[in-house]
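Below is one structure; the comments refer to it alone.
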Amino acid sequence: MNRNLVFTIVGAVVLIAALLLGVSLWRSNYVKVEEEVEEPRSGEAASNPLYILKLALRNDKVKVDARQRLALALHPLQPRDTVLIYRDPRTLSKADADALLGWVERGGHLIVRTPPLRDKLGESPVPVLDTLGLTLLDADDSSPQDQRNDCVGLYERGLEQQSLFCNARRFYYYNSDVEPDYAWGDEDEAYVYARFPRGKGSVDVLADMDFLSNRGNANPLLSAFSFGTDEIAAPANAAFARQLLAPNYRAGTIHLIYAAEVPSLWKTLIFNSWMAWLPLLLWLLGWLWQRTQRFGPLRPAPALERRSLLEHIVASGEHIYRYGYGAILYEAARRAFLLRLRRRDPYAAAQQGQEQVALLVERYKQDPTLGAAAIGDALTQPLTRDHAAFRTRIATLIRMRNRL
C-alpha cells in the first residue's frame, strides 16, 4: 500500500476521533440556563419619568392624566383634582401660577418642588413659592448648621432606611402667612417638605421629587443598557408617595406634569446602532484611503500654457532691446513722463534744458534721490550699449512720472 495513502487514512481517523471526543465533552458539560435581559425602554416609558407612577395610579382605579405641558385651556381643572408639577417651577408663567393658586383655593391640591440646587437663583423669581412666602437656600449659601447636602432618612417598619432629598434645595417658611399642616425638617437644617393650607385646598412643597421617578440608582455609565432599580418601586418611597397624594386621592383626576427626558440622538446612535455605523465607517475610511493622492508625483507636472499680458510685454521689451532698439524704449518712457508733466505742470513741461531741470528739482525736493544730476541724466538719452545707464534712467523716469 502506498505510504501517502496510509498517512491520509490515519490522519482522517485521528481527526474524526478528536471531533467525536469534543462533541461528547461538550454534550456532557452543557447546561441549558434561562436568563432574562432587561431591554432599553422605549416610547413613553423612556421619556416620561413618572410613567410607573401613572401605571400604579391607574391600577388603583385612580383617574390620571400625564402630559408634558400644563395647558390649562385644554385641560381644565376641577375643584377636587390634584396637579403634580415634576418640572422646575420656574418654567411656570405668572398667569399659570396665579390660575393654579386660585384653583387651590377652590379645593385643589398642588404639588411642586424647589428648583435644582445646581442652579444659582440670586434674585430671580420662583412662581408659586414666592407667593407662599418661602425662602429658598441658594447654591452658595453655607453655614455651620446648613445640612442641605445631606440625605434625609425615610423609615418604614420592618424595612431598610430609604435616603431621600440628597443634594436638594431646602427652604424656610418663616415669611409665610400660614403655618404648614405638616413639615419635614427643622429650623436649623431647613425643610425638605411642607404642606400649606390655602382656602379649601393645599399646596405641597418638596425639595425634589426624585423618589417618584422611574430613574434608577444604577451606574450612569450603563444607563444606555439598563435602567437600574426604579426609585418609585422602593416600598418606603411608594408609601410616601401615597401619603403625598392623600388629600384628593380618588376624589378627582391626578394631573402629572413632567418634562420629557428624551435620550440624546448621538448617544442612541453610538450605543444602540454601532452594528450599522461601524461597518459604514470602515468602508468610508477605506474609500478615502483609496482615493487619497499618494505622496510624491511619479513624473513632474507638465507646464501649463501661460497667457499673462505682463509676460508678453516683458518679452517684447527684451526682444527690442536685444536687437539694439533701446532708444525707442527710452523715448517711450520719456514721452510718457512728459505727457503727464504737461497735464500736471504745463509751465515746467514747456521749458527746456537747465530751466526745466531746476523746476523739476524744486517739485521733487522732498525726495533726496531726485537731485539735479539724476533728473538731468534721466532726461538725456543714454548710450546704445550702456545697460546700467539705460536701467537707471528708465527707473528714474517711471518714479518721476508716478510722483506727479
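In region 344-362, which residues are part of a helix (DSSP H, G or I), touching a residue at least 40 places away in the same chain (Cβ under 8 Å) and not aliphatic (A, V, I, L, M)?
ARG344
Go through region 345-357 and give me each residue that's surrounded by 15 or more Cβ atoms within 10 Å (Cβ to Cβ) and either closer than 20 Å to TYR330 by Cβ or not charged (D, E, K, R) (or both).
Passing the criteria: ALA348, ALA349, GLN356, VAL357.
Of the residues LEU110, LEU55, LEU77, LEU101, which single one is open to solvent by less than 70 Å² (accessible area, probe 1.4 Å), over 21 Å from ALA194 (Cα atoms) and in contact with a helix residue (DSSP H, G or I) (Cβ under 8 Å, 6 or more places away or on another chain)?
LEU77
Report the residue count in region 183-199 for those that are closer than 18 Å to LEU84 by Cα and either loosely packed, with under 13 Cβ neighbours inside 10 Å or at pLDDT below 85 (or both).
Counting residues in region 183-199 that are closer than 18 Å to LEU84 by Cα and either loosely packed, with under 13 Cβ neighbours inside 10 Å or at pLDDT below 85 (or both) gives 0.
How many residues are within 33 Å of the chain's Cα centre (by Cα) and over 18 Å from ASN237 (Cα atoms) if we restrict to region 53-71?
6
Kindly provide the set of residues from region 370-404 that are loosely packed, with under 13 Cβ neighbours inside 10 Å and in a helix (DSSP H, G or I), ordered by number.
Across region 370-404, the qualifying residues are ALA372, ALA373, HIS387, ALA388, ARG391, ALA395, ASN402.
Which condition does VAL178 not pass, out of (1) over 41 Å from the mean Cα position of the chain (by Cα); (2) under 22 Å from ALA239 (Cα atoms); (3) open to solvent by less than 70 Å² (accessible area, probe 1.4 Å), if it passes all the others?
It fails just one condition, (2).
Residue under question is PHE171, and the condition is that it be at pLDDT below 90 and either open to solvent by less than 20 Å² (accessible area, probe 1.4 Å) or at positive phi (or both); does it hold?
It is false that PHE171 is at pLDDT below 90 and either open to solvent by less than 20 Å² (accessible area, probe 1.4 Å) or at positive phi (or both).
With respect to LEU359, determine if the residue is over 26 Å from MET400 (Cβ atoms) and modelled with pLDDT of 85 or more.
no
Does any residue in region 364-391 that is over 16 Å from ARG403 (Cβ atoms) come within less than 7 Å, Cβ to Cβ, of a residue that is part of a loop (DSSP other than H, G, I, E, B) six or more places away or on a different chain, and which pairs are these?
Pairs that qualify, where the first residue is over 16 Å from ARG403 (Cβ atoms) and the partner is part of a loop (DSSP other than H, G, I, E, B), are THR384/GLY324; ALA389/PRO382; ALA389/LEU383; PHE390/PRO382.
Cβ-Cβ distance below 7 Å, separation of 6 or more or different chains: which pairs start in region 42-71 with a residue that is free of Cβ contacts under 8 Å to residues at least 60 places away in the same chain and end on one that is of a type outside the set (D, E, K, R)?
If the second residue must be of a type outside the set (D, E, K, R), the pairs left are GLU44/TYR51; ARG58/VAL64.
Could you look through region 206-233, keep only residues that are in a loop (DSSP other than H, G, I, E, B) and modelled with pLDDT of 80 or more, and pick out the one that is farthest from LEU154 (Cα to Cα)? Lay out the reasoning, then the answer.
Initially, region 206-233 is screened for residues in a loop (DSSP other than H, G, I, E, B), giving 207-209, 213-215, 217-219, 223-229.
Narrowing further to those that are modelled with pLDDT of 80 or more: 207-209, 213-214.
Values: ALA207: 14, ASP208: 14, MET209: 14, SER213: 16, ASN214: 18 Å.
Taking the candidates together, the pick is ASN214.
I need the full set of residues from region 64-81 which are touching a strand residue (DSSP E or B) at 6+ places or on another chain (Cβ under 9 Å) and farther than 22 Å from SER47 by Cβ, in order please.
Correct list: LEU77, PRO79, ARG80, ASP81.
If I ask for residues that are in a loop (DSSP other than H, G, I, E, B), surrounded by 18 or more Cβ atoms within 10 Å (Cβ to Cβ) and touching a helix residue (DSSP H, G or I) at 6+ places or on another chain (Cβ under 9 Å), which ones from region 234-254 would you list?
ALA234, LEU245
Suppose we filter region 1-42 for residues that are open to solvent by 100 Å² or more (accessible area, probe 1.4 Å) and hydrophobic (A, V, I, L, M, F, W, C); how many remain?
Counting residues in region 1-42 that are open to solvent by 100 Å² or more (accessible area, probe 1.4 Å) and hydrophobic (A, V, I, L, M, F, W, C) gives 10.
The values are calculated or read from the model by the stated rules, or taken from the named source; none is laboratory data. Everything quoted here is computed from the prediction, not taken from an experiment. Quick reminder, even Gly has a Cβ in these numbers, built from the backbone with ideal geometry, and neighbours come from all protein chains shown. Ligands, DNA and RNA are excluded from the accessible area calculation, which covers all protein heavy atoms including side chains. Shrake-Rupley method; radii C 1.70, N 1.55, O 1.52, S 1.80 Å.
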